[in-house]
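The values are calculated or read from the model by the stated rules, or taken from the named source; none is laboratory data. Please read all numbers here as calculations on a predicted model, not as lab measurements. Using ideal geometry, Cβ is built from the backbone for each residue, glycine included, and neighbour counts are taken over all protein chains shown.
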Amino acid sequence: MGGRVDAPSSANINKDAYGSICNGKVFKIVFVLGGPGSGKGTQCANIVRHFGFTHLSAGDLLRAESKSGSETGIMIENMLREGMIVPSEVTVKLLLQAMLESGNDKILIDGFPRNEENRVAFENIAKVEPEFVLFLDCPQDELERRLLNRNQGRDDDNIETIRKRFKVFIESTLPVIEFYTMKGKVRKIDASKSVGEVFEDVKVVFSQFEVEEATFEKPKMNRIVGFELMMCLIKRLIRDAERKWRSILSGMAYTCYLLYICAREFVEIYSEAL
């Protein structure tokens with residue numbers, strides 16, 4: 001049950017213009033939620049590898065945009081510097097942009113929505129609900145043990161900060177999980193087990209995607225998707241070059257160099273895909 005997503009071509013586009021950009025693309029979206037240390041990133045990587053999803057992290061997208069030099073990026077950077085919360089609408093638009101640019105219709109969104117405001121903003125702007133929510137449930141004492149072991153020697157993840165993060169999860173994210181539970185959309189997994197055991201349970205939840213993933217063309221498709229992602233990066237680099245290079249001649253030379261790299265990579269990818 002995919003949904004119709006009206007996606008922006010840039011993070012600052014007006015939401016009324018989404019429909020003409022998406023061209024009716026249908027996405028299968030899965031939210032992945034769980035407390036800090038529950039293994040969201042690890043399990044997302046396994047799902048990507050076995051079921052062909054694209055993995056998106058709202059936090060990673062915000063950090064990347066803040067470093068891009070764009071108008072939206074500068075706004076995000078200033079807000080993060082001041083300790084302010086980036087508006088949900090901005091985060092949602094970045095997610096929709098990344099979904100459209102991924103070239104994939106199967107999307108994992110990791111650690112989002114973090115709260116009810118995020119959830120409402122996503123559904124209002126994207127006009128779509130997730131296929132389901134993968135909830136990696138793990139007791140707090142186990143999460144604390146994992147994070148302390150994983151981050152030994154780091155001052156920014158001591159027991160106090162870990163408990164604050166867990167408190168935020170309980171107060172802000174758990175209501176989102178409860179909302180989707182009422183709608184029958186939550187797939188709860190015991191994340192206190194080993195990584196392998198957890199993924200065995202995850203595979204059962206994602207079994208509906210097994211037929212789509214099992215194909216001899218998988219290596220070829222992965223290469224093509226990789227090329228599409230590279231093209232998106234090249235486009236972004238070219239835009240950055242146009243903004244940051246003051247000399248027209250130098251800017252053109254840099255752009256030509258990027259196009260040369262792109263062409264060379266395309267030849268290699270196309271040759272291997274044949």
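Touching a residue at least 60 places away in the same chain (Cβ under 8 Å), in a loop (DSSP other than H, G, I, E, B) and within 30 Å of Arg163 (Cα to Cα): does that describe Arg114? Yes: the conditions hold for Arg114. Every condition in (1) out of contact with any strand residue (DSSP E or B) (no Cβ under 9 Å at 6 or more places or on another chain); (2) at pLDDT 95 or above is met by Asp155 except one, and the failing one is (2). Within segment 115-125, is there a residue that is modelled with pLDDT under 95 and surrounded by fewer than 14 Cβ atoms within 10 Å (Cβ to Cβ)? Yes, the conditions are met somewhere in segment 115-125. The set of residues from segment 92-134 being of a type in the set (Phe, Trp, Tyr) and under 12 Å from the mean Cα position of the chain (by Cα) comprises just one member, Phe112.
Inspection of segment 49-63 finds no residue satisfying the criterion of being over 30 Å from Phe199 (Cα atoms) and touching a helix residue (DSSP H, G or I) at 6+ places or on another chain (Cβ under 6 Å).
Candidates Gly24, Gly69, Gly73, Gly19: the one that is modelled with pLDDT under 90, assigned to a helix (DSSP H, G or I) and assigned by TED's automatic domain parsing to the domain that holds Arg114 is Gly19.
If you go through segment 182-208 and keep only what is assigned to a helix (DSSP H, G or I), of a type outside the set (A, V, I, L, M) and exposed (fewer than 14 other Cβ atoms within 10 Å of the Cβ), you end up with Gly196, Glu197, Glu200, Ser207, Gln208. The residues in segment 76-87 that are in a helix (DSSP H, G or I), aliphatic (A, V, I, L, M) and either under 15 Å from Glu101 (Cβ atoms) or at pLDDT below 90 (or both) can be counted, and the count is 2. Which residues, taken from segment 27-37, are of a type outside the set (Lys, Arg) and either part of a strand (DSSP E or B) or buried (at least 24 other Cβ atoms within 10 Å of the Cβ) (or both)? Answer for segment 27-37, where residues must be of a type outside the set (Lys, Arg) and either part of a strand (DSSP E or B) or buried (at least 24 other Cβ atoms within 10 Å of the Cβ) (or both): Phe27, Ile29, Val30, Phe31, Val32, Leu33, Gly34, Gly35, Gly37. Here segment 38-89 is the region considered, the condition is being among the polar types (S, T, N, Q) and closer than 17 Å to Phe135 by Cα, and the residue that is surrounded by the fewest Cβ atoms within 10 Å (Cβ to Cβ) is Thr42. Just wondering, is there one or more residues in segment 172-180 that are within 26 Å of Phe206 (Cα to Cα) and either without any contact (Cβ under 8 Å) to a residue 24 or more places away in the chain or not assigned by TED's automatic domain parsing to the domain that holds Val204 (or both)? The answer is yes; a qualifying residue exists.
Kindly evaluate Leu108 against the criterion of being assigned by TED's automatic domain parsing to the domain that holds Ala45, in contact (Cβ under 8 Å) with a residue 60 or more places away in the chain, crowded, with 21+ Cβ neighbours inside 10 Å and under 23 Å from Gly37 (Cβ atoms). So Leu108 fits the description; yes. Would you say Leu100 is within 22 Å of Val195 (Cβ to Cβ) and crowded, with 17+ Cβ neighbours inside 10 Å? In short, no.
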